[in-house]
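Participant: Following this message is one structure expressed as structure tokens.
What follows is calculated from the coordinates using simple rules that are stated; it is not laboratory data. Please read these numbers as outputs of a predicted model, since none were measured by experiment. Please note: Cβ atoms are built from the backbone with ideal geometry, for glycine as well, and neighbour counts cover all protein chains shown.
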Amino acid sequence: MKCIREACVEGYEQAKKAEKLGADRIELCDNLSQGGTTPSYGTIQYASEHLYTDINVIIRPRSGHFVYSEAEFQIMKKDVKACKDLGVNGVVFGMLTKESEIDYKRTKELIAEARPLSITFHMAFDEIHDKYKAIDILTELGADRILTKGGKGSALQNLHMIRELIIYASDRIIILPGGGIHEGNADWIMKETKATELHGTKIVGDLSD
């Protein structure tokens, strides 16, 4: 079975290289050393005009925690609208409450703003204690996939949990493993977890200069 390989990239040049190396989808970011933040409008526009591969754009106004102020939330909404206007494939975001649970109201609002784009809830998911409840909520809200390491550490340290999450999610929502996954171990991880999509900065090879 074909496994979709999503390359997490910093900027256009890495995206172009990932496409050339055979990535099935691009997660377009800036500042990967800080966990990834929203790239510039110009970067998103240029990538959408010059790449053939599906592009999902991270919507994260800053590094750090995932509890956002009202101003930050409004910025995220504007970035989502810009992505929709530019015709990218999808957006990637995650919002939590101070109690490390899904920010239900804002997540619902941002998903509504983003449609018909594809929706990925990112690794903010890994800070949530009850991951099964979170899967139920994100399914109800209409998210398409959840990017997760399965817990603390890397995906390689949480393969059993990732497999359990995939079984629980069934065909309701896609569980997208990421974190330490690269070209050399992707096939093994797919076999161990039964994942249908994988994510990584080196999922199709080294993208550094």
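Participant: Using Cβ counts within 10 Å as a stand-in for footprinting exposure, how do H129, H122, H182 rank, fewest first?
Facilitator: Placing the least packed residue first, the sequence is H129, H182, H122.
Participant: Ranked highest first by the average count of other Cβ atoms within 10 Å around their residues, in what order do 30-41, 49-60 fall?
Facilitator: Ranking the peptides 30-41, 49-60 by packing returns 49-60, 30-41.
Participant: Name the most mobile residue of A195, A134, A186, meaning the one with the largest mean-square fluctuation, in a Gaussian network model of the chain with Cα contacts below 10 Å.
Facilitator: A134
Participant: Report for the chain the percent antiparallel among DSSP-assigned beta bridges with both residues inside it, nearest 5.
Facilitator: So the antiparallel bridges in the chain amount to around 5 percent.
Participant: Kindly write out, for the range 159-166 in residue order, the coupling ³J(HN,Hα) from the Karplus curve 6.51 cos²θ - 1.76 cosθ + 1.60 (θ = phi - 60°), rounded to whole Hz, with x marking Gly and Pro.
Facilitator: Calculated HN-Hα couplings, in order: 4, 5, 5, 4, 4, 5, 5, 5 Hz.
Participant: I would also like to ask the following. Can you order the peptides 101-114, 142-155 by their average number of other Cβ atoms within 10 Å per residue, highest first?
Facilitator: 142-155, 101-114
Participant: Okay, next question. Among (1) -0.24; (2) -0.27; (3) -0.37, find the value of log10 I(q)/I(0) by the Debye sum over Cα atoms at q = 0.08 Å⁻¹ that was calculated from the structure presented, and write down its label.
Facilitator: (1)
Participant: Say each of S63 and K152 gets a label point 7 Å from the Cα, pointing the same way as Cα to Cβ; how far apart are those two points in nm?
Facilitator: About 2.1 nm separates the two model spin labels.
Participant: Taking K and R as +1 and D and E as -1, what net charge do the other residues with C-beta under 12 Å from the C-beta of G179 add up to?
Facilitator: Combined, the nearby Lys, Arg, Asp and Glu give +2.
Participant: For the range 31-182, what number of Lys pairs, 8 or more residues apart or on separate chains, have alpha-carbon atoms under 19 Å from each other?
Facilitator: For the range 31-182, the number of qualifying lysine pairs is 19.
Participant: Which value in nm describes the separation of the simple spin-label points at D54 and E70, placed 7 Å from the Cα toward the beta carbon?
Facilitator: About 3.7 nm separates the two model spin labels.
Participant: Where the centre of each part is set by its Cα atoms, how far does the range 81-153 sit from the range 25-76, in angstrom?
Facilitator: About 14 Å separates the Cα centre of the range 81-153 from the one of the range 25-76.
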